[in-house]
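Below: the structure, in structure tokens.
The values are calculated or read from the model by the stated rules, or taken from the named source; none is laboratory data. Predicted model only: the values in this text are computed from it and were never measured. So basically every Cβ, Gly included, is an ideal-geometry build from the backbone, and we count neighbours across all protein chains shown. The protein model used for the area step is the full one, side chains on, heavy atoms only, and it has no ligands, DNA or RNA in it. Shrake-Rupley method; radii C 1.70, N 1.55, O 1.52, S 1.80 Å.
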Number of protein chains: 2
Amino acid sequence: MSTSAFTAVAQRARRASFDLALATRATKDAALHAMAEALLERSQEILTANAVDLDRARSAATPANIIDRLRLDDARLHAMAQGLRDVAGLPDPVGEVLRGSTLANGLELRQVRVPFGVVGMIYEARPNVTADAAGICLKSGNAVLLRGSSSARDSNAAIVAVLRDAVATAGLPADVVQLVPGETHESVKELMRARGLVDVLIPRGGAGLIRSVVEESTVPVIETGVGNCHVYVDSAADLDKALAVVLNSKTHRNSVCNAAESLLVHSEVAGQFLPRVVEALQGAGVTIHGDETFANFDGVVTATEEDYRVEYLAADIAARVVGSLEEAVEHIRTFSSGHTDAIVTEDLGAARRFTAMVDSAAVMVNASTRFTDGGEFGFGAEIGISTQKLHARGPMGLPEMTSSKYVVTGDGHVR
Amino acid sequence: MSTSAFTAVAQRARRASFDLALATRATKDAALHAMAEALLERSQEILTANAVDLDRARSAATPANIIDRLRLDDARLHAMAQGLRDVAGLPDPVGEVLRGSTLANGLELRQVRVPFGVVGMIYEARPNVTADAAGICLKSGNAVLLRGSSSARDSNAAIVAVLRDAVATAGLPADVVQLVPGETHESVKELMRARGLVDVLIPRGGAGLIRSVVEESTVPVIETGVGNCHVYVDSAADLDKALAVVLNSKTHRNSVCNAAESLLVHSEVAGQFLPRVVEALQGAGVTIHGDETFANFDGVVTATEEDYRVEYLAADIAARVVGSLEEAVEHIRTFSSGHTDAIVTEDLGAARRFTAMVDSAAVMVNASTRFTDGGEFGFGAEIGISTQKLHARGPMGLPEMTSSKYVVTGDGHVR
């Protein structure tokens, strides 16, 4: 891929973004419905392309779980279409007045939500992200440059071709949805260095992908998703609730970023709680990597510091007894990825101290870490979960996909 | 400077930020008042240090305008102290509930403003920025790592020593205000690569400084200040207002980022307006770098494309006649730095089209570009003017110096 191929695509995206920024909600919603219909009408085209990706993956002896993530079928295409319709149903963030006043000199000041312009998405495996990201970007007024994994290249190309046609029939420029051209890492590098052409970059995938984007990008990045989440069972916890929250946080779905990876138990309740939680977790097939107190139980593996640091994304949990809430907070400050951390307690003061001291995107009180999710929070659509502090933190819905500008109106005002 | 010296400082800042994040408004305001008093009580100490910087600058044949920016005196110290008191008078952004709801399952969701944690400031020349930045960061709950220019090193060290003592007397950790140790560029590099220890980096200074921080930093950056600002005089402009706005935008103070650098005039009013604006600008000592129409006037220099691109920060302006509002927008999209662009028009439709199509931090209608300023906007304090789209755009006050987190409270809720 030559430099000019990427630059040409990015410039087309920029140009298209000017029109999209001015589009009304009615036009954008019509485009989203057209996109949903087109995915279903042309499903055969997409499934044929997907079969090519699947064949290639099987030839390369790709693990079954990756192949499953790559696979599309009618049900998944229907879910993608429904996702686009759901986004059409959400309010348009663009044009919202965030703040406004009349200044002492009579100038009228308004801060108005506007699209970013051009958003770059770098993501792995699942081809459904292609449609999800295109829909969220379109509704928030942003042109999108999509860079999926090469394993899904035929599926992504087919989905984007279908979506672009649909966008055009709704009267918007097809170039608001584009694939980053080229297969090599060079094209990703160009995307990451396209400051001025691309306004924001959102990586979605494993920790390695996200780290490399953060390190190499000069385009502003929104970091998403790595979750080393903790559940702390306080001395004042209701132990039935604690057991339910720990089990749900760890075992409801262990491959996702909001699953718990570490359990901290106050020493005052360890005697009562440890036998119950060890039995329940092991009964659910979870391997416990515990400190010396946990290690007294059969089947518990002795934890190393690495166990406290790692995001297992598997049926494993690190576990440790702490002497106080403050020691739990200190542990979380040291090891948490700042995604979601939870306390189980009936004590209001403990809840207040924990929520004030733990600085993570979401802090749960007597609730499973699994609730950190755009859908659960009622945002209707989610482009990812930000674990950084700049711009957006936690689940990112449509408003988080916008910037703002000040519009100041006078009558010949001068200083 | 060794790696460990910087890391030690940054870790102390991080540790101190935990306490500061929990401090009440009363404590923070007491610290700000103590800082203001200390600047005045210990002014001799600061002025003595400043004299050392001034001597060194004179020996190095530093230009007079830079020496003036470096110079402190009683009036400037009083202004610094007043700035800190003003910040004490502003509402505390920390703890503000930005959004909240009770979810369908009864979970209580609140999005609460929290400090970033540790803010890095890299800035040039003026030692008053040291006190301003320390005050704004403290009030917004952030520990700050200050990296001023080496030309101001004695002044900055004296100011920081005074501020740290005052912070400590108010019962907050002195380490919430620290200088980045070391004189070499290495220490700036360490600051820029301290992702995880430093949450946000704000460069304030010339375009070169800002570009290098954006290019090299892995810490999230808020880009500030470069302003290639335009005034577009529409065919429906009131030409008296247009003349006032152009003159004020260019000549009120030409060394600042919100000064106008380019003038665009609709061809329909060029015949009437050009003689007046050329005479007025030249009368105010401004050199006009004009297109062929402007170049018909005596003293107008023929503009090159570089003139449309440059931020003069001087008594120079680029000038061009355009055939339509759309051509003006196209020029602005090509050359504007996205800081402030203005239209002068009496036509509502033209104003609406211009404000919708021009994507800059501030878009002015019948008002001078000079109004883009935290003080003018009524924010009370300003850490800089963001020209990027992520997180904050336009003048940044206290709320822009914060992040948020979600606090979710349940009663043993699981998915």
Note to self: C-alpha centroids of segment B:285-299 and segment B:245-279 sit apart, in Å, by 12 Å
Checking segment B:150-208 for GluC sites (Glu not before Pro) in a loop per DSSP with at most 11 other beta-carbon atoms within 10 Å yields B:183
Those GluC sites (Glu not before Pro) from segment B:239-321 that are DSSP loop and have at most 12 other Cβ neighbours within 10 Å turn out to be B:292
Taking the alpha-carbon centre of each part, the distance from segment A:391-405 to segment A:351-369 in Å is 22 Å
In the structure shown, of A:241/B:28; A:28/A:405; B:139/B:241; A:189/A:405, the pairs separated by more than 32 angstrom at the C-alpha atoms are A:241/B:28; B:139/B:241
Scalar couplings 3J(HN,Hα) for segment A:363-374 by Karplus 6.51 cos²θ - 1.76 cosθ + 1.60 (θ = phi - 60°), nearest whole Hz, x for Gly and Pro, are 10, 9, 10, 6, 8, 5, 4, 5, 6, 6, 6, x
Scalar couplings 3J(HN,Hα) for segment A:90-98 by Karplus 6.51 cos²θ - 1.76 cosθ + 1.60 (θ = phi - 60°), nearest whole Hz, x for Gly and Pro, are 7, x, 7, x, 5, x, 4, 8, 7
Asserting the computed 222 nm helical MRE of the protein assembly as shown (DSSP H runs at least 4 long, -39500 (n - 2.57) per run, divided by residue count, to nearest 500) equals -13500 deg cm²/dmol
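Calculate the mean, over all residues of peptide B:387-395, of how many other protein chain Cβ atoms lie within 10 angstrom of the residue's Cβ.
Taking the mean over all residues of the peptide, I get 6.
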Volume per residue (Å³) of the convex hull spanned by the alpha carbons of the protein assembly as shown is 167 Å³
Residue-ordered couplings for segment B:46-51, obtained by feeding phi - 60° into the Karplus form 6.51 cos²θ - 1.76 cosθ + 1.60 and rounding to whole Hz (Gly and Pro as x), are 6, 5, 4, 5, 4, 4
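Just checking the output field for B:357-364: average partner chain Cβ neighbours within 10 Å of each residue's Cβ?
Mean partner shielding for this stretch: 5.
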At the level of C-alpha centres, the distance separating segment A:12-37 and segment B:192-216, in angstrom, is 35 Å
In debye to the nearest 20, the charge dipole size for segment B:229-371, taken about the Cα centre with +1 at each Lys and Arg Cβ and -1 at each Asp and Glu Cβ, equals 460 debye
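Given segment A:324-415, report the % of alpha carbon pairs whose separation exceeds 15 Å.
67 percent
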The protein assembly as shown accessible area per residue, 1.4 Å probe, protein heavy atoms, integer Å², reads 36 Å²
Sorted by chain and number, the residues with a modelled amide H under 5 Å from that of residue B:313, at a separation of 5 or more or across chains, are none
Expressed to two decimals, chain B has a Cα Rg over Rh, using the Kirkwood radius, of 1.03
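Quick one: grab the alpha carbon gyration tensor of segment A:229-371, order the square roots of its eigenvalues as a ≥ b ≥ c, and give me rounded if a/c is under 1.5, else prolate or oblate depending on whether a/b is larger than b/c.
Rounded is the answer for segment A:229-371, as its axis ratio a/c remains below 1.5.
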One residue of chain B has its C-beta nearest the axis rotating B onto A; that residue and its distance in whole Å are B:391, 2
To the nearest 20 debye, chain A has a Cα-centred charge dipole, built from +1 on Lys and Arg Cβ and -1 on Asp and Glu Cβ, of 1560 debye
Once normalised by the length of chain B, the mean sequence separation of its alpha carbon contacts under 8 Å that are 6 or more apart gives a contact order in percent of 18 percent
Any residue on another chain or 5+ positions along whose placed amide H is under 5 Å from the amide H of residue B:229 is listed here as B:261, B:262
Long-range amide H partners of residue A:201, meaning residues 5 or more apart or on another chain whose placed amide H is closer than 5 Å, are A:120, A:221, A:222
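May I ask you to give the percent of accessible area on chain A that is carbon plus sulfur, with a probe radius of 1.4 Å?
50 percent
Using Cα pairs closer than 8 Å and at least 6 residues apart in sequence, work out the relative contact order for segment A:229-371, in percent.
34 percent
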Taking the label point 7 Å from Cα along the Cα-Cβ vector, the copy-to-copy distances for residue A:323, listed from shortest in nm with one decimal, are 8.0
Any trypsin sites (Lys or Arg not before Pro) in segment B:208-266 that lie in a DSSP loop and have at most 16 other Cβ atoms within 10 Å would be B:253
Cα gyration tensor of segment A:1-154 diagonalised, 5x eigenvalues square-rooted, in angstrom largest first, produces semi-axes 36, 19, 13
